[in-house]
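Scroll down for the structure; my scribbles are underneath it.
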Amino acid sequence: MINLNFEPVWEMVRPVPIVTIDFGNGNVIKRTLHGNIATYVCTADGNVLDVLPGLYQPAVYQKRLQDLQSLFRYVYDAKYYSGGWKLASLLPARAKEFHVRQAEALKANQPQLVLAQVPVDGAKLRVETVKLLAADKVPASARSTQPVAVRVSGVKAEEIAGWRELAEDTQINESVRRLQIHTKLAEVGMVKPDAIVKWLYKEVLHADLDDPYLGLGDVLFKNYPFAEEDAGR
């Protein structure tokens, strides 16, 4: 789905921490520690339209990516004709409006607004555009279908979606973290990812990129009994 609809780019913002525990007698385990991820959806010139923070259940993630395709068309005032989509001018004010209104909805514990494909008023030919609507105002013909099932590394997506931790992460992403992101993007406008990456990882994902221990310093050192001896070496 991503390859067909986006130009995917992967960027590592810092090496993933790896912890090694040696139990002796050749028994050693290695595990990654406190990694995290964010999905930026950007314009062709690299400005951020929106961000999906952290890990998501597969179906919700795919649905949100579909929504952000609609956001791209909304911000570019795109129209759909029989031959396909045609972009008009870029309207940054629409991106701001989207984030302001979504933040307001989340603060009020209301359903998020929907970007729906609807007919252009008075159009004689088949012409449709994207509008920002309340969920209960979306025409039945414009409501999206359920995402198709996918497989990841031999595991069914529905099995992954059943993981309690992933469900909890998705819920936090869609409420607390998305509110932070909408509020920030409403404030700063359309910026490059580099302008918000440190803020995003520190304030939203709680993985400060400038902290060598990613916020785990207290856990690692607070009760360490040999701290003074080590410091004297």
For this session: Inspect all residues belonging to segment 134-149 and state whether any of them is over 19 Å from the mean Cα position of the chain (by Cα) and at pLDDT 85 or above.
Result: yes
Exercise. Going through segment 12-29 one residue at a time, which ones are without any contact (Cβ under 8 Å) to a residue 40 or more places away in the chain and in a loop (DSSP other than H, G, I, E, B)?
Worked result: M12, P15, V16, F23, G24, N25, G26, N27
Problem set entry | Unique residue being modelled with pLDDT of 90 or more, assigned to a helix (DSSP H, G or I) and more than 28 Å from D45 (Cα to Cα) when the list is E203, E187, E168 | E168
Exercise. Assuming V114 fulfils every condition listed in (1) at pLDDT below 90; (2) closer than 30 Å to S82 by Cα; (3) buried (at least 17 other Cβ atoms within 10 Å of the Cβ) apart from one, which condition is it?
Worked result: (1)
Problem set entry | Members of segment 165-187 that are buried (at least 19 other Cβ atoms within 10 Å of the Cβ) and β-branched (V, I, T) | T170, I181
For this session: Looking only at segment 41-63, decide whether some residue is within 30 Å of A123 (Cα to Cα) and not in a loop (DSSP other than H, G, I, E, B).
Result: yes
Exercise. Quick one: how many residues across segment 19-46 are closer than 22 Å to L166 by Cβ and surrounded by fewer than 11 Cβ atoms within 10 Å (Cβ to Cβ)?
Worked result: 2
For this session: Give L49, L71, L91 a once-over and let me know the one that is surrounded by fewer than 16 Cβ atoms within 10 Å (Cβ to Cβ) and out of contact with any His (no Cβ under 9 Å at 6 or more places or on another chain).
Result: L91
Exercise. Residues Y76, Y80: which one is buried (at least 16 other Cβ atoms within 10 Å of the Cβ), modelled with pLDDT under 95 and not aliphatic (A, V, I, L, M)?
Worked result: Y80
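The values are calculated or read from the model by the stated rules, or taken from the named source; none is laboratory data. Computed from a predicted structure; not experimentally measured. Reconstructed Cβ throughout: ideal geometry from the backbone, glycine too, with neighbour counts over all protein chains shown.
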